[in-house]
Amino acid sequence: MNVLVIGGTMFIGRLLVHELLKAGHEVTVLHRKPKHDFGRRVGNLRADRNDPKSLKTALGGRQFDVVFDNVYDWEHGTTGAQVEATARLLATDRLHRYVYVSSVAAYGDGLNHHEGDALAPDDHRDSYVRNKAMAERALFRMHQRDRFPAVTLRPPYIYGPGNNFYREGFFWDRLRDKRPIIVPGDGRRLMQFVYVKDLVNAMLRAMDVPEAAGQAFNISNFRPISQLEMLESIGRAAGRPLHLVRLPRESIRRAGGSALGPHLYFAFYYDLPPITMVVNKAQRVLKWKPVDFDDGVKETYRWWQRHNPFPRPDYAFEDSLVALAATLQPHPDED
């Protein structure tokens, strides 16, 4: 099929493009840069997907069988209206599937979500949550009114080779350098993950399975794990012991720590209130199954050893947190 990948040059998109080519599809990438590095086999369209005029000019009336909408503007946000505008530009009789990569964040909060649960409201305080939820609502309105062939996928934390966010590598840097790892609170906060290859497989299944049209799918490992369980898997993959330093979140916050940086303490955006979900529907409808978390982490570690893309860390802030933790420990002579 003739496939358009919006945002195909990083992490998820790169793997998706390679898998589409392997399957024999004709692939075009739409992105902001003048050109990509996939070679002549992949078409190149340059546009800012948040700008309808730029998008319309770049598309130039082209039609596609399948569209993967895989990009979010982390600086300015990508609103539901912008996603809807993109979908309407590409809504032709030829279009077989429009696969939108949403997020578990679209639920807003809560545990054990099923796809039929309510999404976050339009006035949610977090713009990312609000934008993902509103984008899904817009696409499903189009499906209800015009049978627009939308599918939305809701992944949680995505990990794997090529991750451009400082996440798995954050911890492996510290293990390599025999550094302590700061654990916020008691380390029991839940997290849920999906391996990037599993997410891409789900995207391909969403393209192919007829029953997927008009549906949302939770895409993740079967069960959430605690922050401590995640760290244990990270340590096993590296074959290194963990040196953990626990510190209350409020103490970290007062010291200047932020989940978004610049003073990271537990990787990028990894210390958030938990949102978890159930993936039975993806198993049943898409015939999809995730790999074991430990297996995915081991494969990611092998990639990180060869390709670590991040600069050498500055540990000054974490040193201050370790010193702070020492002052908060009970004195040995105290009861």
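With the requirement that a residue be of a type in the set (D, E, K, R), open to solvent by 40 Å² or more (accessible area, probe 1.4 Å) and part of a helix (DSSP H, G or I), what does the range 275-287 give you? It would help to see each step written out before you state the result.
Restricting attention to the range 275-287, the residues satisfying the condition of being of a type in the set (D, E, K, R) are 281, 284, 287.
So of that shortlist, the ones also open to solvent by 40 Å² or more (accessible area, probe 1.4 Å) come out as 284, 287.
Once the filter is applied, which keeps residues that are of a type in the set (D, E, K, R), open to solvent by 40 Å² or more (accessible area, probe 1.4 Å) and part of a helix (DSSP H, G or I), the range 275-287 yields only 284.
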Query raised in the report: Name the pairs whose Cβ atoms lie under 7 Å apart, with the first residue in the range 294-322 and within 15 Å of residue 159 (Cβ to Cβ) and in contact (Cβ under 8 Å) with a residue 40 or more places away in the chain, the second in a helix (DSSP H, G or I) and of a type in the set (D, E, K, R), and 6 or more positions between them or separate chains?
Result: 294/236; 300/168; 304/168
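So, restricting to helices (runs of 4 or more DSSP H) that lie completely within the range 158-265, which ones have at least 2 residues that are open to solvent by less than 10 Å² (accessible area, probe 1.4 Å) and either at pLDDT below 95 or out of contact with any Asp or Glu (no Cβ under 8 Å at 6 or more places or on another chain) (or both)? Steps first, answer last, please.
Values: elements: 168-176, 196-208, 227-238, 249-254.
By residue number, 168-176, 196-208, 227-238.
I need the full set of residues from the range 308-325 which are in a loop (DSSP other than H, G, I, E, B) and of a type in the set (A, V, I, L, M, F, W, C), in order please. Spell out how you get there, then give the answer.
Start the filter on the range 308-325 by keeping residues that are in a loop (DSSP other than H, G, I, E, B), which leaves 308-315.
Result: 310, single match.
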Query raised in the report: So residue 290 fits all but one of (1) within 30 Å of residue 207 (Cα to Cα); (2) assigned to a loop (DSSP other than H, G, I, E, B); (3) over 17 Å from the mean Cα position of the chain (by Cα); what number is the exception?
Result: (3)
Report summary line: All-but-one check, residue 272 against (1) part of a helix (DSSP H, G or I); (2) open to solvent by less than 50 Å² (accessible area, probe 1.4 Å); (3) not polar (S, T, N, Q), failing number (1)
Query raised in the report: When residue 305 is evaluated against the numbered criteria (1) touching a strand residue (DSSP E or B) at 6+ places or on another chain (Cβ under 9 Å); (2) not in a loop (DSSP other than H, G, I, E, B), which criterion, by number, is the only one it fails?
Result: (1)
**Report entry** Any strands (runs of 3 or more DSSP E) falling wholly within the range 1-110 and containing at least 1 residues that are surrounded by fewer than 23 Cβ atoms within 10 Å (Cβ to Cβ) and free of Cβ contacts under 8 Å to residues at least 24 places away in the same chain
**Finding:** 42-46
Requested in this report: Say whether the condition of being outside any loop (DSSP other than H, G, I, E, B) and either touching a strand residue (DSSP E or B) at 6+ places or on another chain (Cβ under 9 Å) or farther than 18 Å from residue 274 by Cβ (or both) is met by at least one residue in the range 117-127.
Outcome: yes
Requested in this report: Quick one: count up the residues across the range 304-329 that are farther than 19 Å from residue 266 by Cβ and either surrounded by 15 or more Cβ atoms within 10 Å (Cβ to Cβ) or touching a Cys at 6+ places or on another chain (Cβ under 8 Å) (or both).
Outcome: 0
Query raised in the report: So which residues in the range 176-196 are in contact with a strand residue (DSSP E or B) (Cβ under 7 Å, 6 or more places away or on another chain) and on the phi > 0 side of the Ramachandran plot, if there are any at all?
Result: 187
Query raised in the report: When you scan the range 101-145, how many residues do you find that are over 18 Å from the mean Cα position of the chain (by Cα), among the acidic types (Asp, Glu) and farther than 16 Å from residue 215 by Cβ?
Result: 2
Query raised in the report: Mind checking which residues of the range 111-141 are open to solvent by less than 10 Å² (accessible area, probe 1.4 Å) and either without any contact (Cβ under 8 Å) to a residue 12 or more places away in the chain or among the small types (Gly, Ala, Ser) (or both)?
Result: 120, 133, 135, 138
Query raised in the report: Regarding residue 162, is this residue within 30 Å of residue 328 (Cβ to Cβ), small (Gly, Ala, Ser) and in contact with a helix residue (DSSP H, G or I) (Cβ under 6 Å, 6 or more places away or on another chain)?
Result: no
Query raised in the report: Mind checking whether some residue in the range 33-55 is in contact with a Phe, Trp or Tyr (Cβ under 8 Å, 6 or more places away or on another chain), more than 17 Å from residue 164 (Cα to Cα), at pLDDT 95 or above and small (Gly, Ala, Ser)?
Result: no
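The values are calculated or read from the model by the stated rules, or taken from the named source; none is laboratory data. Everything quoted here is computed from the prediction, not taken from an experiment. We place every Cβ from the backbone using ideal geometry, glycine too, and count neighbours over all the protein chains shown. Quick note on the areas: whole protein, heavy atoms, side chains included, nothing else; ligands and nucleic acids left out. Shrake-Rupley method; radii C 1.70, N 1.55, O 1.52, S 1.80 Å.
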